[in-house]
Every structure is written in structure tokens, then in C-alpha cells.
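Have a look at the structure below before the remarks.
The values are calculated or read from the model by the stated rules, or taken from the named source; none is laboratory data. Note that the structure is a prediction, hence the values are computed from the model and not measured. Note that we place each Cβ from the backbone using ideal geometry, even for glycine, and neighbour counts take in every protein chain shown.
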Amino acid sequence: MSLLIKNGTVVNEDSMFIADVLIKDGIIVEVAPSISSDNVAEVLDATGRMVIPGGIDPHTHMQLPFMGEVAVDDFFHGTKAALAGGTTMVSKRQ
């Protein structure tokens, strides 16, 4: 499966720029000003939208003890929920 994201504003740790992003089998294989859509299964127009590789949540509370109780989210379910929302990394706080 291949996906080409066209004309998006790519955001990384230190810059923003307009580019196309080619993804094959879930892996980013090319970022360039213009990529051909030949032999691409799906093309997404991201004009006016930001393209980011994933979000980071540096402050989460999972299985947090509070007033004799524990937060509903255990680490397994909390990280699955975060991933479903686009967060690809969490840092557990106690």
C-alpha cells in the first residue's frame, strides 16, 4: 500500500516547509518538493494543512493513585488510546 501526501506543510523539530511525502507500507520513504503520483495507490491533497510524523505527550498519568483510588487508564489501554489519537510517544508520570 502506498500513500502520497501532496503539497502539505511538513513540520519537524526545527522547520516548516511545503513538500510531498511518500509513504510505502507505513514507512515514510521520500520527502521532496514534488513527487510523481505514478504507481501510488492513494493521493491525499494536504494543501493548507500541516503534516507531522506523530505527536508526543510528555506528561501523562496512567494508573495514577489518587485518594485511595487508581486512574481508570492502565498503561496498556492508555497507550492504545493515545496511539489511536495520533500520539506516538508518551512519558508516564507518577
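Based on this model, can you work out whether Gly54 counts as touching a residue at least 12 places away in the same chain (Cβ under 8 Å), exposed (fewer than 13 other Cβ atoms within 10 Å of the Cβ) and under 27 Å from Lys80 (Cβ atoms)? Yes, satisfied.
If only residues of the stretch 64-80 that are modelled with pLDDT of 80 or more and surrounded by 13 or more Cβ atoms within 10 Å (Cβ to Cβ) are counted, the one that is nearest to the chain's Cα centre (by Cα) is Thr79. Consider the stretch 27-42 and keep the residues that are without any contact (Cβ under 8 Å) to a residue 24 or more places away in the chain and small (Gly, Ala, Ser). The one that is nearest to Val10 (Cα to Cα) is Ala32.
Here Val72 clears all of (1) part of a loop (DSSP other than H, G, I, E, B); (2) within 30 Å of Lys6 (Cα to Cα) except the condition numbered (2). Applying the criterion of being among the small types (Gly, Ala, Ser) and part of a strand (DSSP E or B) to the residues of the stretch 17-65, the residue that is nearest to Phe76 (Cα to Cα) is Gly55.
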